[in-house]
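Visitor: Handing you a structure now.
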Amino acid sequence: MSTIRKTLFSTLLCSTLLSAGLPTQAAEKGVATDLEPLHHVILENKYVTVMRVLIQPGQSTLFHEQHLDYVNTHIEGSPVKIEYPDKPVNMTEMKSGNVKFGEHQGKSDTDKVTNTGNNVNHQVAFEINIPGPQHFGNASRPNNAAFSQVLDKKTVRGWKVTLKPGASTGEYTQHGPGVRVFFTEGRVLIADQTHTNRVKEVWVHPGDAFLTEPGKVDITAASGENIIFNDYELL
């Protein structure tokens, strides 16, 4: 086949695959999620690896493999294109405030994400490093208007917490390790359970994340605006 005919054939084949939403080339070599350059590891212990994902408009991740259960909190969403090595492209949207759970324990998945919007796509995600459930206890939260359950899986549960200025979660017991991810900026007071009337004061920002441990918990919003965060606990 001549060089011109090869070029025309390749162009026609690529156009056909694109119109069908199929990959146009052999799958790129994937990397582990925590080694993907746009997935920045910010916190880690033996239970979880927490990553901040920042994708600029028009920017793409590498193909990355997820083989552990995965919780993704969308701080600032955007329209995205998700490509797979062996499946059609998925044009979808990551919506701000949403939570996505990937049940990858025992069944890995590989994808590549492109930000097709006009703003930075900001996510805080964590992998659960140890196969579960690990039977820490029955994760629950106070039955009041501040808490809304957003995740209930065999390895992790999660709640969206909305505290009005001056409001408190009320004291509750956390049984397993966890992750706390904030959506808003402001001052929070976290009760020191070892000393009466003592608190830890923290100024938080959208996307701030913290590792949490078992024990008594009581959090107060101490700014003039609502404090909103997601509270996750491993099972």
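The values are calculated or read from the model by the stated rules, or taken from the named source; none is laboratory data. Here the structure is a predicted model, which is why all the values come from computation and not from measurement. Quick note on the areas: whole protein, heavy atoms, side chains included, nothing else; ligands and nucleic acids left out. Shrake-Rupley method; radii C 1.70, N 1.55, O 1.52, S 1.80 Å.
Visitor: Rounded, prolate or oblate: which fits region 115-235, taking a ≥ b ≥ c as square roots of the Cα gyration tensor eigenvalues, rounded meaning a/c under 1.5, else prolate when a/b beats b/c?
Guide: Judged from the Cα gyration tensor, region 115-235 comes out oblate (a/c at least 1.5, b/c at or above a/b).
Visitor: Extension gain T162-I130, at 0.36 nm per residue separation less the Cα-Cα distance, in nm?
Guide: Contour length minus Cα-Cα distance gives 8.5 nm.
Visitor: Could you state how much accessible area T212 has, in square angstrom rounded to the nearest 10, with a 1.4 Å probe and all protein chains kept in place?
Guide: Roughly 10 Å² of T212 is accessible to a 1.4 Å probe.
Visitor: Now for a separate question. Pairs of alpha-carbon atoms within less than 8 angstrom and 6+ residues apart define the contacts here; what relative contact order does region 101-235 have, in percent?
Guide: Over region 101-235, the number comes to 31 percent.
Visitor: How far, in nm, would the chain grow between S223 and K200 when pulled straight, counting 0.36 nm per residue and subtracting the alpha carbon separation?
Guide: 6.8 nm
Visitor: Leaving out ligands, DNA and RNA, and with a 1.4 Å probe, what % of the accessible surface on region 103-206 is carbon or sulfur?
Guide: Answer for region 103-206 is 46 percent, counting heavy atoms of protein chains only.
Visitor: Skip the ligands, DNA and RNA, and give the accessible area per residue of the chain with a 1.4 Å probe, whole Å².
Guide: Computed with neighbouring chains in place, this is 52 Å² per residue.
Visitor: Another question, if that's okay. Provide the descending list of Cα extents for the chain along its principal axes, expressed in whole angstroms.
Guide: The Cα atoms of the chain stretch 84, 38, 26 Å along the principal axes, largest first.
Visitor: Please compute the Kirkwood hydrodynamic radius of region 85-138 from all pairs of different C-alpha atoms, in Å with one decimal.
Guide: After inverting the mean inverse Cα-Cα distance, the result is 14.5 Å.
Visitor: Further question: Rounded to the nearest 500 deg cm²/dmol, what is the calculated helix-only ellipticity per residue at 222 nm for the chain, with -39500 (n - 2.57) per DSSP H run of length n ≥ 4?
Guide: About -2500 deg cm²/dmol.
Visitor: Follow-up question, since we're still on this one. Gain in length, E28 to N138, computed as 0.36 nm per residue apart minus the alpha-carbon separation, to one decimal in nm?
Guide: Stretched out fully, the E28 to N138 stretch lengthens by 35.4 nm.
Visitor: What angle do you read, to the nearest 10 degrees and between 0 and 90, between the alpha-carbon axis of helix 3-20 and the longest principal axis of the chain?
Guide: Rounded to the nearest ten degrees, it is 40.
Visitor: Okay, next question. Would you list, by chain and number, the aspartates and glutamates whose Cα falls below 18 Å from the Cα of K81, excluding same-chain residues fewer than 8 positions away?
Guide: Straight-distance partners of K81: E28, E36, E65, E93, D109, D111.
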